[in-house]
Amino acid sequence: MKFYSTPVRCNLPSPWGPMTLAAHNDALVWAGFDGQKHAVDTSVWALAPTHPILRLACDELAQYFVGQRRHFDVPLDLSGGTAFQQKVWRSLLDIAPGATTSYGAISQSIGHPSAVRAVGGAIGRNPISIIVPCHRVVGRDGALTGYAGGLPRKVALLQLESHL
């Protein structure tokens, strides 16, 4: 993950543990559970809880946590990944709340039908958890597999969305 300018960050409590969010001037670049797999070291970035993008992201996520939001409006910057990763991450934005899809379906949708493992790797490195809904991707047979934030969080997010 590369960042083209130095982001600022804030902390956000969630029902499933603390999160850190980061933004640059006009977009969110990171939202992750503290201690998740593939996390970037956000501790080197300045705290800026009043940054307008971070405030918007925190407000929208807080609404999501209580079932009052299905879609997010905060601007996103996914340019820190490779071209392939960005394609995968953008495809995740098309998965409707309450729905799931498979890694194979994602690889088909982006025109790389044999790249299922690479798609899984890109999804595991999604820099903007929840908002870019990697938790909505399941195994071919519907099995809950892989989530950088841990399978209990994936289950909880899917349960929340099924009740929205």
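Observations, loosely collected:
- Selection within segment 137-157 - surrounded by fewer than 19 Cβ atoms within 10 Å (Cβ to Cβ) and in a helix (DSSP H, G or I): LEU151, PRO152, VAL155, ALA156
- For ALA48, the requirement of being small (Gly, Ala, Ser), in contact with a strand residue (DSSP E or B) (Cβ under 6 Å, 6 or more places away or on another chain) and farther than 30 Å from ALA143 by Cα is met.
- Candidates in segment 1-29 are the residues that are in contact (Cβ under 8 Å) with a residue 60 or more places away in the chain and more than 22 Å from TYR64 (Cα to Cα); of these, the one that is surrounded by the most Cβ atoms within 10 Å (Cβ to Cβ) is PHE3.
- Residues located in segment 109-138, provided they are in contact with a strand residue (DSSP E or B) (Cβ under 7 Å, 6 or more places away or on another chain) and over 26 Å from ASP41 (Cβ atoms): ARG136, VAL138
- Segment 60-91, residues that are under 13 Å from ALA31 (Cβ atoms) and modelled with pLDDT of 95 or more: GLU60, LEU61, ALA62, TYR64, PHE65, PHE72, VAL74, PRO75, LEU76, ASP77, LEU78, TRP89
- Restricting segment 63-95 to residues that are among the small types (Gly, Ala, Ser) and in contact (Cβ under 8 Å) with a residue 12 or more places away in the chain, the residue that is nearest to ARG140 (Cα to Cα) is SER91.
- The number of residues in segment 107-135 that are over 18 Å from the mean Cα position of the chain (by Cα) and of a type in the set (Lys, Arg) comes to 1.
- Test for ALA57: is it in a helix (DSSP H, G or I), closer than 17 Å to LEU160 by Cβ, of a type in the set (A, V, I, L, M, F, W, C) and at pLDDT 95 or above: no
- Checked against (1) small (Gly, Ala, Ser); (2) assigned to a loop (DSSP other than H, G, I, E, B); (3) without any contact (Cβ under 8 Å) to a residue 40 or more places away in the chain, SER107 passes all but a single condition, namely (2).
- Of all residues in segment 86-96 being out of contact with any strand residue (DSSP E or B) (no Cβ under 6 Å at 6 or more places or on another chain) and buried (at least 16 other Cβ atoms within 10 Å of the Cβ), the one that is farthest from GLU161 (Cα to Cα): LYS87
- When ALA148 is tested against (1) touching a Ser or Thr at 6+ places or on another chain (Cβ under 9 Å); (2) over 24 Å from VAL8 (Cα atoms); (3) touching a residue at least 12 places away in the same chain (Cβ under 8 Å), exactly one condition is not met: (2).
- In segment 30-53, the residues that are under 12 Å from ASN11 (Cβ atoms), of a type in the set (S, T, N, Q) and surrounded by fewer than 16 Cβ atoms within 10 Å (Cβ to Cβ): SER43
The values are calculated or read from the model by the stated rules, or taken from the named source; none is laboratory data. Keep in mind the model is a prediction, meaning the values are calculated, not measured. In this analysis, Cβ positions are derived from the backbone assuming ideal geometry, glycine residues included, and neighbour counts consider all displayed protein chains.
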